[in-house]
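Read through the structure below, which is laid out as structure tokens, and then see the notes.
Readers should treat all values here as calculations from the given coordinates under stated rules, not as data from a laboratory. Keep in mind that this is a model prediction, so the values were computed, not measured. Here the Cβ positions follow ideal geometry from the backbone for every residue, glycine too, while neighbour counts run over all protein chains shown.
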Amino acid sequence: MGIKMKITLLAISILVISGCSNANSQPNHPMMDNEEMDDSMRNMGGNMMGNGHMSHNEVVSLNDSTGENELKIPSMLERDNEEEVAYTVRAQIGKTEIFDGIETNTYGYNGTFLGPMLRLDKGDTVKIKAINELDENTTFHWHGLEVAADADGGPHDVIKPGEEKIIEFKVEQEAATLWFHPHPEGKTSEQVYNGLAGLIYIEDDNSKSLGLPTDYGKNDIPLIFQDKTFDDKKQLNYRAAMNDDGTIGDTLLINGTLNPKLTVNKEKVRLRLLNGSNARNFTFKLNTGNSFVQIATDGGFLNAPVTLNEITLTPSERAEIVVDFAELNTANDLALINEDGSILLPFDVSGQNGETEEIQKELNDFALTSEEKSLPVTKEIELFGMMEMVTINGKKFDPERIDFTQEQGVTEVWEIYNKKDMMGGMIHPFHIHGTQFKIISRDGEEPAENEQGWKDSIAVHPGERVKIAIQFNHKGVYMFHCHILEHEDNGMMGQIEVK
Ligand SMILES: [Cu+2]
């Protein structure tokens, strides 16, 4: 018996012993050499026992950040000219040195990995020249932006390789931290995984008057959290890493930085957290157990800062938090950690004192009216399934089918229900395009204080019913979907036409 045959039999017996029923979700590698086979088997083991989501909840841990690399800060995108708010965004293929001395094949916007930060003001009329320099179709989706459907960059807005499109919209919503990423049908997960994601900051008179930390990269820090699996050649081999129930990796990158640390002054530092992962949920906390305050949700400021010891973000959710490094005992090693204790971002607190302005008690005038609370449910969404068997209201995405219609400017109440399955079910982060909504209730209860603000994505737990009040200010066909990107690509997505 040849060595390959022995290894194959060993792999098969491991599958049988483990009683793994999702082995067929693993890609076949007929040409694998022995070393790759070893890796592949290790990955299979990991998937079966951990991130295979067979129990929907045990997930492989992230490696601790050693803190050897200073966190990279995305550059701020420069305007094309002074006269108008016009930008160029290119989706590109490139090579990035994520590991010292090794080039990893990646995608990026206006660069080789991730994208620049696009800073917009409320009231701006924005023109973006979107150019596809990839060798496959892509779209440019502005996640959280309240724009007409033809500017939203959903799967209908394909830009072919070598082609470009001018996208125009007016910024009419309040200050918020949004993001942009591709959204082509069936390919979103791979393109995001390979590096296509960038941030959008919207500022307005309110955000500028609050006295919050606004020194970009110094005390106003964007943090894009993404977990990846690198193969033995330090490549992002999406096909090998892919899991139909959500691709989870053991290696954390923040803003594309491996083993990041953040150097800060002794002052209040605003962290704009984005869970930009394909599927991993994060629960952020400080290793010292100290609290911090949350000041903003996906789509704007909370009315007042909310003191928290930890915050969970599911894929695509954002939160702005403020950590007061002047108040923390910097004799200890400080770090942002995940729920399981893995070190995400060590902090290096310099001896320098910085700004100490108090955070204002009133940040916004967000309101859920009693009228909105008393509206009847007019749209019901049932999320169900796992792996490639995911559906919304029993159906998979069909670009030719309109699932719902809603009138422009009219508030309706949607009830989103996450129906449990035999395995108990899993959290589905539910996202709606083109608008921000308000959470009315979770299983009939008022949402937590830190969810009483504008949202465009919401974690819906197994068995849970969430009611939201939602209005679209623009017309056209918008997507709603699970933001576990593999679920989205597997058809856990529907369409609403706003008339
Ligand atoms: Cu899902």
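Miscellaneous remarks
- Sorted on the mean count of surrounding Cβ atoms within 10 Å across their residues, most packed first, peptides 476-484, 367-375, 226-234 read 476-484, 226-234, 367-375.
- Percent antiparallel among DSSP beta bridges (both partners in the chain, rounded to 5): 70 percent
- In the chain, helical runs assigned H by DSSP with n ≥ 4 each contribute -39500 (n - 2.57); averaged across all residues and rounded to the nearest 500, the mean residue ellipticity at 222 nm is -3000 deg cm²/dmol.
- For the range 370-498, share of DSSP beta bridges that run antiparallel, in % to the nearest 5: 75 percent
- Net +/- balance of residues flanking P184 in space, Cβ distance below 12 Å, scoring K and R +1, D and E -1: -4
- Shape of the range 370-498, Cα gyration tensor, a/c cut at 1.5: oblate
- Computed over neighbours whose Cβ is under 13 Å from that of F99, the net charge equals -2, Lys and Arg +1, Asp and Glu -1.
- Cα pair distances in the range 366-414, grouped into 5 Å bins until the bin that holds the longest one, percent each: 5, 15, 19, 19, 16, 12, 11, 3, 0
- Protection proxy ranking for 117-127, 78-88, 291-301, using the average of other Cβ atoms within 10 Å per residue and placing the highest first: 291-301, 117-127, 78-88.
- In this simple spin-label model, placing a label point 7 Å from the Cα along the Cα-to-Cβ direction at both E497 and D205 gives a separation of 3.9 nm.
- Relative contact order (percent, whole number), the chain, Cα cutoff 8 Å, 6+ residue spacing: 15 percent
- With the alpha-carbon atoms of the chain aligned to their principal axes, the span from lowest to highest coordinate is 74, 58, 48 Å, starting with the largest.
- Rough spin-label spacing in nm, given labels placed 7 Å along Cα→Cβ, for E371 and I93: 5.4 nm
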